[in-house]
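The structure appears right after this line, and notes come after that.
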Amino acid sequence: MQALRGTQPRLLAYLSYMAQRLLIMQRLLKPTGSIYLHCDPTASHYIKALMDAIFGHENFQNEIIWQRYGSHNDARRYGRVHDTILYYSKTPQFKWTGEAKIPYRKDYLDKAYKLSDSNGRYTTAPLHGRTLTGTTYEFEWHGVRDHWRFSKERLEELDAKGLIHWPKKGRIPRRKVYLEEDKGVPVIDIFTDIRPVSGNENMGYATQKPLALLERIISASSSIGDVVLDPFCGCATTMEAAHNLGRNWIGIDIAIHAIKCVARVRLTERLGLLEGQDFIIEGTPRTLEGAQDLWKRDKYHFQRWAVEQAEGFVTTKRSADGGVDGRIYYAVPYAPDLQSMVVEVKGGRNVSIADVRALKGVLEHDNALMAGLITLYPLGETKERNFRRFMAEAGTLEILGIEYPRMQMLTTAEILEGKRFATPTVAGRHATSQSRFPGIPAVGV
């Protein structure tokens, strides 16, 4: 910690942040549970030491190397193509299903599964010799004395079911392994077979993981009906993988935009799930009273919530005329770049005309074409009339024959009712459908 404090304070802050959350994860895990933590090679050695301290070195199971990119050249070093996944359990009694398999290639199957009977194609496996655990049974069976992998009773049971392959005279019998039962080669701790995110799976998140990666991990360390938790769920690949595999799931994310994207795209459009029936979203205000309570508890998170609820993006960048809480980006026909509406959030009761004048000043000095004001509490009749009269002086913006007020206002109650600022096509955090404007591509941020 002393070394990092002087050289990499941001890394130290990240490790402190992760330590608090890993301690909670350790408490939440069942005795049979496991945790997988993904990180890049610049921090994996620090995280591993941290997890050794929290979960116990004896509960370290694997350091998985995941090749997430194809080969490429770096100017002065070996090409960086992999990330690290640290796999720990809570106790030595962790669940491992053994279902992490890579399917065989067709040419191998054609070569190996040449035998067949009424139950289908099969290959054979030894009934004698050492097992991985070293357990064997020495006895004579059908005139052959050897070290067998099964007890005599188990061998008789397999034979009665027709699961023993009897070769020509003089050869030791072998066990039948049918093609439908053999799911592939056990996966090793270097993953090179999972392709990058592409096609309709791509949600536009830079840190998005392939669905196949999460399905492999979940199927290996849980069973149908188990609960899978992703405390940094982002675009919810974990949720989709867990649902596909018949697991229950919980996803957590601090960004309201991410949660809304998850509900709309991952859960509703891709999986056909209905909010309130198949899943619920908790922790975000659903009523005016809830929004007011969030303002009292955490003014900054209320501002974030209000901006993102209005389809905007939170920003910490200061404008030429003061603070801007967020921006709503939209496409304008034939403009090379996205345009924006600056958004200001006021949570107090004493919003004045001076705040509206300040927002107009931001509009005049900023690159934005529009400005929006969000108020937590409804304004009095006279104040609202004065605000709207002043905003109308900023004029309108005409796009494809439609006029949009350059300055607009919404209350939190209106946002909760589903009302939004009037803008052209809003650019969201995921790839949208075709743009409404001819010649303008759909936008993904």
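Observations, loosely collected:
- Residue count for the range 320-339 under the criterion of being modelled with pLDDT under 75 and open to solvent by less than 20 Å² (accessible area, probe 1.4 Å): the result is 0.
- Verdict on Lys360 being in a helix (DSSP H, G or I) and of a type in the set (D, E, K, R): yes
- Checked against the criteria, Ala354 counts as open to solvent by 10 Å² or more (accessible area, probe 1.4 Å), of a type outside the set (Lys, Arg), out of contact with any Lys or Arg (no Cβ under 7 Å at 6 or more places or on another chain) and assigned to a helix (DSSP H, G or I).
- Within the range 46-78, tally of residues that are open to solvent by 60 Å² or more (accessible area, probe 1.4 Å), at pLDDT below 95, under 27 Å from Ala212 (Cα atoms) and not hydroxyl-bearing (Ser, Thr, Tyr): 3
- When Lys169, Lys209 are checked against the criterion of being open to solvent by 50 Å² or more (accessible area, probe 1.4 Å) and at negative phi, Lys169 stands alone in meeting it.
- Residue tally, condition touching a residue at least 24 places away in the same chain (Cβ under 8 Å), open to solvent by 30 Å² or more (accessible area, probe 1.4 Å) and assigned to a helix (DSSP H, G or I), over the range 385-409: 2
- Listed by first and then second residue, the pairs with beta-carbon distance under 7 Å, at least 6 apart or on different chains, first residue in the range 179-197 and of a type outside the set (Asp, Glu), second open to solvent by 90 Å² or more (accessible area, probe 1.4 Å) and not in a loop (DSSP other than H, G, I, E, B), are Leu179/Arg121.
- Answer residue from the range 244-267, given it is more than 13 Å from the chain's Cα centre (by Cα) and open to solvent by 60 Å² or more (accessible area, probe 1.4 Å) and is nearest to Leu28 (Cα to Cα) among those: Asn248
- Among the candidates Asp107, Asp83, the residue that is open to solvent by less than 80 Å² (accessible area, probe 1.4 Å), charged (D, E, K, R) and closer than 29 Å to Pro196 by Cα is uniquely Asp83.
- Being open to solvent by 30 Å² or more (accessible area, probe 1.4 Å), aromatic (Phe, Trp, Tyr) and farther than 13 Å from Ser89 by Cα holds for only one residue in Tyr36, Tyr14, and it is Tyr14.
- Summed over the range 344-358, residues that are touching a Leu at 6+ places or on another chain (Cβ under 6 Å) and either modelled with pLDDT under 90 or aliphatic (A, V, I, L, M) (or both) total 0.
- When each of Ile374, Ile415 is tested for being in contact with a helix residue (DSSP H, G or I) (Cβ under 6 Å, 6 or more places away or on another chain), in contact (Cβ under 8 Å) with a residue 24 or more places away in the chain and either open to solvent by 50 Å² or more (accessible area, probe 1.4 Å) or part of a helix (DSSP H, G or I) (or both), the lone residue that passes is Ile415.
- Contact map, the range 278-298: residues that are touching a residue at least 12 places away in the same chain (Cβ under 8 Å) and over 24 Å from Asn248 (Cα atoms) paired with residues that are assigned to a helix (DSSP H, G or I) and open to solvent by 30 Å² or more (accessible area, probe 1.4 Å), Cβ distance under 7 Å, separation 6+ or inter-chain. Pairs shown: Thr287/Leu416; Leu288/Ala413; Leu288/Leu416.
- Listed by position, the helices (runs of 4 or more DSSP H) contained in the range 203-293 that have at least 3 residues being at pLDDT 85 or above and either of a type outside the set (A, V, I, L, M) or closer than 27 Å to Glu99 by Cα (or both) are 211-221, 237-244.
- Where Gly225 falls short, out of the listed (1) surrounded by fewer than 16 Cβ atoms within 10 Å (Cβ to Cβ); (2) closer than 30 Å to Phe421 by Cβ: (2)
- Enumeration of residues in the range 176-199 that are modelled with pLDDT of 85 or more, assigned to a loop (DSSP other than H, G, I, E, B) and among the basic types (Lys, Arg): Arg195
The values are calculated or read from the model by the stated rules, or taken from the named source; none is laboratory data. Please read these numbers as outputs of a predicted model, since none were measured by experiment. In this analysis, Cβ positions are derived from the backbone assuming ideal geometry, glycine residues included, and neighbour counts consider all displayed protein chains. Ligands, DNA and RNA are stripped out before the accessible areas are found, and what is left, the full protein with its side chains, is counted by its heavy atoms. Shrake-Rupley method; radii C 1.70, N 1.55, O 1.52, S 1.80 Å.
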